[in-house]
Every structure is written in structure tokens, then in C-alpha cells.
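A short reminder: the numbers here are calculations on the coordinates, not readings from a lab. Computed from a prediction, not measured in an experiment: that's the story for all the values here. As a convention, Cβ positions derive from the backbone with ideal geometry for all residues, glycine included, and neighbour counts pool all protein chains shown.
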Ligand code: CTP
Ligand code: CA
């Protein structure tokens, strides 16, 4: 939207962005999925390309979005496929941004034939297995100087507000930057809807203005650019 005014501060940089939701198959026709549209990740990829970066977008299931201009798009389905694609793309990248909604769990067994109704008995319980934490792995295996960014949507609860949970997640994940969005319905410990913060491992906390996904993307790259080695 303001492409001409954007700085070219990512010129010569390679960045990788994940977007959308993963889908975990139950059988050949069914999956466990989520409502991620992929719009934030696509905006991050588009803005990075406009600022001069060489961009790889690892995209799971998304709304019907056009490929961003001048971006290499790698399509994946499951969290495991996203994991493989991210590690592959991370090998020569300067910055990694995990904006995808990665399924925490997958069906423990993939049935290769369609699950049928069982007229005489109740259905089998759904047994789940835990997926790898891609962001934590990318942090653990990162190259020197590589900047790693995570996203978190948090609600307040009895133990603290969304910002509190964001700070804990930043430390647990070990990433350089964490974009925290406060979500939820105004419960006791909740803050304003759509409030957001950009938390950095060095303790810097920046409140994010309410605005478009392109604006948020610009704020993220504004924070990434000076941290690149
Ligand atoms: N993430 C990931 N791999 C997973 C789960 C999450 O890479 N298996 C990444 C997301 O892309 C996001 C960040 O981790 O950048 C935070 O995701 P979130 O779901 O908020 O954190 P979790 O560690 O899964 O914790 P929880 O869902 O219990 O809050
Ligand atoms: Ca999760």
C-alpha cells in the first residue's frame, strides 16, 4: 500500500516466512485444521520483498490469497512438512519468521482407508500425538547471527494478562522477537481487543499500533533489520 515509500533495508538478505494453518490428516478425506487465513504471513512476505529481501514463503492452508510478487512460495500440508520445508529454507537465511498456525497435535495414526461409520458401536476415541515445535527447533539450530521471530495470540487468565503470557512464551521459545496479540473477550485480566506488543529478547517492548497486516509487517521488519548481522 505504500510500496514506493518503503526502505530497501533488506536488500541482499534472505528471509523465510511461514504462513497459514497446517492440516493433520485423519484418513484420506479428513483432517484436523484451524482457521488461520495466512494473511499476516503473506503480508510479511510481500513487505519483505518490497524492502529488497529474497523471500521464501512456506505456506500451509490459507484463504484464497494470490502469491505475493517476487516471492518463492513453497506449499505444505502437515506440520511435519512445514518443519522440513522450514529447516531446508533456514539453511542460508538471515531471518526466519514463524507466523503460521502450526497444529500442536496430530492424529496418532493415519488410516489409509476412509474411516467408516460403525453402526453398532460408538466411534473410537481420537488419539493424538504431539507435533515438533518448529520455532523452538529453528532457535536451537540457528546459524550465528540469524534472527528468529515468533508469533503468539494470548488471552489473559487467572495467572496474568496477555502480555504476561507473551513474556513467558518469549523466554520459553528463545526467539529474538515475539509478536504478541491479545485475543479474547474482555475478561477480568484482559486488555483491549487487538492490542499487540513486539517483545525482544533484549527486554525491549514496543506496543504495536492497531492497523493493517501490512503495517504490522512493516513494524516487524523494522525490528528485524537492525538486528541482522
Ligand atoms: N509454533 C511452531 N511449532 C509448533 C507450534 C507453534 O513453530 N508445533 C510456533 C508458531 O508458529 C508461533 C509460536 O510457535 O510462532 C507460538 O505458537 P503458540 O501456539 O502460541 O505456542 P505454543 O508453544 O504452541 O504454546 P500454546 O499453544 O500452548 O500456547
Ligand atoms: Ca500452539
- Task: Please check which bits of the stretch 113-148 a label hung off residue 172 would reach, taking the label as a point 7 Å along Cα-to-C-beta and the cut-off as backbone N under 18 Å.
- Result: 129-140
- So what's the Cα pair-distance distribution over the stretch 126-229, bin width 10 Å, in %? 14, 42, 32, 11, 1
- What nm distance separates the two modelled labels at residue 104 and residue 92, each placed 7 Å from Cα along Cα→Cβ? 3.7 nm
- Query: Given Cα pairs under 8 Å that are at least 6 residues apart, what percent is the relative contact order of the chain?
  - Reply: 18 percent
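Let me check against my output: what whole-number percent is the relative contact order of the stretch 106-229, with C-alpha pairs under 8 Å and at least 6 apart?
Working: 176 pairs, mean separation 23.3, N = 124.
Taking the mean separation of contacting Cα pairs over the length of the stretch 106-229, I get 19 percent.
Express as a percent, rounded to the nearest 5, the fraction of DSSP beta bridges in the chain (both residues included) that run antiparallel.
On the way: 17 of 43 bridges.
Approximately 40 percent, going by the DSSP bridge assignments.
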- Nearest-ten-degree value, helix 79-90 long axis tilted from longest Cα axis of the chain: 30 degrees
- Item | Rounded tilt (10° steps) of 39-50 against the dominant C-alpha axis of the chain | 30 degrees
- Gaussian network model of the chain, Cα within-10 Å springs - most flexible of 184, 150, 174: 184
- Relative contact order computed over the stretch 74-166 (Cα-Cα under 8 Å; 6+ residues apart), in percent: 34 percent
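Taking neighbour counts of Cβ atoms within 10 Å as a proxy for exposure, in what order, fewest first, do 73, 58, 139 appear?
Working: 73 14, 58 29, 139 18.
By the 10 Å Cβ count, ascending, the order reads 73, 139, 58.
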- Query: To the nearest 10 degrees, how steep is helix 213-224 against the longest Cα principal axis of the chain, on a 0 to 90 scale?
  - Reply: 60 degrees
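When the helices in the chain are scored as -39500 (n - 2.57) per DSSP H run of 4 or longer and the sum is shared across all residues, what 222 nm value do you end up with, to the nearest 500 deg cm²/dmol? Before the final figure, lay out each step's value.
Values: 5 runs with 55 residues, N = 229.
Taken over the chain, the calculation gives -7500 deg cm²/dmol.
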- Message: Give me 86, 98 sorted ascending by neighbouring Cβ count inside 10 Å, so fewest comes first.
- Response: 86, 98
